[in-house]
Amino acid sequence: MMTSTVQTAYEALGGEAGVRALVKNFYALMDDLPETFALRMMHPERLSGSETSLFEFLSGWFGGPDLYVAKKGHPRLRMRHANFRVSPAMRDQWLLCMTQALDAQVADTDLRSRLIEKFSQMASHLLNSPDAAAGTVSATPQHGDNISLNLSKPRTIMKTAHDLVTAAKARVQEVAIAEAEQAIREADVLLDVREADEYAAGHLPGAIHASRGLLEFKLSSSPELNSRDLRIVLYCKTSGRAALAACALHDMGYLQVKSISGGFDAWLTAGKPIVKPSLPAFE
Ligand code: HEM
């Protein structure tokens, strides 16, 4: 009797253990390679959640158990990447890590090229932004490229507030002031993340006050704001605090967060209307 010998990519990689190892190595490379620093900065500080998501997605995509779909529903990967700037440079950094991880694990050259081809197609499909000044890799990753991993290397570099804001801006979607009104019209909620005195001195019409310090707590305690698909627009004075706040919201799981480029100051300079609550007169 003939038996079918068609093997899935999941089986060819060694099943669950093989796919897990690939994902672990992929993120270890992202963490370690100097050329992929900008890509690393788009991701949360702890990579364990990212590892789980990618492992579960690849398990199903490669023909094994569809763990991602069972947990999160349809992958909608383009939509789930919409809040990140996926530029050609970022795609190349992503593919550099994956190519290196496959080189280290998959000896079968035919299988390796077919997987790299699949990943390249998917990565190009996710592109949503032209190259920014976020950092580039000069060369297309080659199969033979080798790197040495030093997983025990301590991270000793201190970051400034400016570094944190730059990294945050690489992760979040900013809308130009010219498109801000349209974004606000399409949003479910407009949040002013400045301090209470700044909000009281004047704010955008319709904005709810939720200072950056209390933002996560306010959202968690408001059931009507708990949907991952809630369309949120944020602003602060110039957009630094809003970028950091948007990252916190991404980390909470919100998928559709936008920040107004230039913030309240840019809104004022553009001559757009603001609201100043009138204070009660004590006479
Ligand atoms: C092209 C360059 C890419 C960039 C810059 C990129 C960036 C990111 C970032 C920043 C996240 C969020 C990580 C987190 O919050 O844990 C993410 C999530 C994810 N990425 Fe990518 N990615 C890229 C390509 C890909 C490709 C090619 C795949 C699949 C083959 C993929 C699959 C995923 C999955 C499954 C998630 C988790 C989504 C979720 O459940 O919310 N990504 N990606």
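The values are calculated or read from the model by the stated rules, or taken from the named source; none is laboratory data. Keep in mind that what you see is a predicted model, and the values were worked out from it rather than measured. Here the Cβ positions follow ideal geometry from the backbone for every residue, glycine too, while neighbour counts run over all protein chains shown.
Selection of first residues in segment 67-89 that are in the same structural domain as Gly15 (by TED's automatic domain parsing) and of second residues that are modelled with pLDDT of 90 or more and of a type in the set (D, E, K, R), restricted to Cβ pairs under 7 Å at least 6 apart or on distinct chains, gives the following pairs, ordered by first then second residue: Leu67/Glu56; Tyr68/Glu56; Lys71/Glu56.
Would you check which residues across segment 77-116 are near the ligand (Cβ under 9 Å from one of its atoms) and either at positive phi or acidic (Asp, Glu) (or both) and list them? Of everything in segment 77-116, just one residue is near the ligand (Cβ under 9 Å from one of its atoms) and either at positive phi or acidic (Asp, Glu) (or both), namely Asp92. For segment 120-135, the count of residues that are more than 26 Å from Val19 (Cβ to Cβ), hydroxyl-bearing (Ser, Thr, Tyr), at pLDDT below 90 and part of a helix (DSSP H, G or I) is zero.
Taking (1) in contact with an Asp or Glu (Cβ under 7 Å, 6 or more places away or on another chain); (2) closer than 21 Å to Gly14 by Cβ in turn, Gln93 satisfies each apart from (2).
Listed by position, the helices (runs of 4 or more DSSP H) inside segment 1-111 whose residues that are touching a helix residue (DSSP H, G or I) at 6+ places or on another chain (Cβ under 8 Å) and among the hydroxyl-bearing types (Ser, Thr, Tyr) number at least 2 are 48-61. Filtering segment 1-58 to residues that are of a type in the set (S, T, N, Q), more than 17 Å from the chain's Cα centre (by Cα) and crowded, with 16+ Cβ neighbours inside 10 Å leaves only Asn25. Every test in (1) part of a helix (DSSP H, G or I); (2) among the charged types (D, E, K, R); (3) surrounded by fewer than 16 Cβ atoms within 10 Å (Cβ to Cβ) is passed by Arg241 save one, and that test is (3). For segment 180-195, what are the residues that are of a type outside the set (Lys, Arg) and surrounded by 13 or more Cβ atoms within 10 Å (Cβ to Cβ)? Residues satisfying the conditions are Ala180, Glu181, Ala183, Ile184, Ala187, Asp188, Val189, Leu190, Leu191, Asp192, Val193, Glu195.
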